[in-house]
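One structure is given here, and the rest of the page talks about it.
The values are calculated or read from the model by the stated rules, or taken from the named source; none is laboratory data. As the structure is a prediction and not an experimental result, all values here were calculated from the model. Reconstructed Cβ throughout: ideal geometry from the backbone, glycine too, with neighbour counts over all protein chains shown.
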Amino acid sequence: MVKLNDDPIAWTTAQARDLLISLANAIEPGRRPPAAQLSMYGTLLEVAAHTAGVAGDRRGAADYLGEATCLLYSGIVIDDPL
């Protein structure tokens, strides 16, 4: 196990994942999101999943991918299609 303080790459990866999740939370879609917002939210979650996977956090990667996938089946109505 690598401690974050011992590995600057792991520390940067952790920071990137935290930033991605923070941004995703800031634009989390409501009931009738614009298509662009929904697309960006899903993209942020997918990149966070990849970042978690690179860092060895399989559980986090699966959780972020699961949330992004749920958007496909959530029944969210898009007001302005792309």
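Structure notes:
- Answer residue from the stretch 41-67, given it is closer than 16 Å to LEU20 by Cβ and not in a helix (DSSP H, G or I) and is modelled with the highest pLDDT among those: ASP57
- For the residues ALA24, ALA10, ALA14, the requirement of being modelled with pLDDT of 90 or more and out of contact with any Ser or Thr (no Cβ under 7 Å at 6 or more places or on another chain) singles out ALA24.
- Subset of the stretch 18-40 [assigned to a helix (DSSP H, G or I) and surrounded by 12 or more Cβ atoms within 10 Å (Cβ to Cβ)]: ASP18, LEU19, LEU20, ILE21, LEU23, ALA24, ALA35, ALA36, GLN37, LEU38, SER39, MET40
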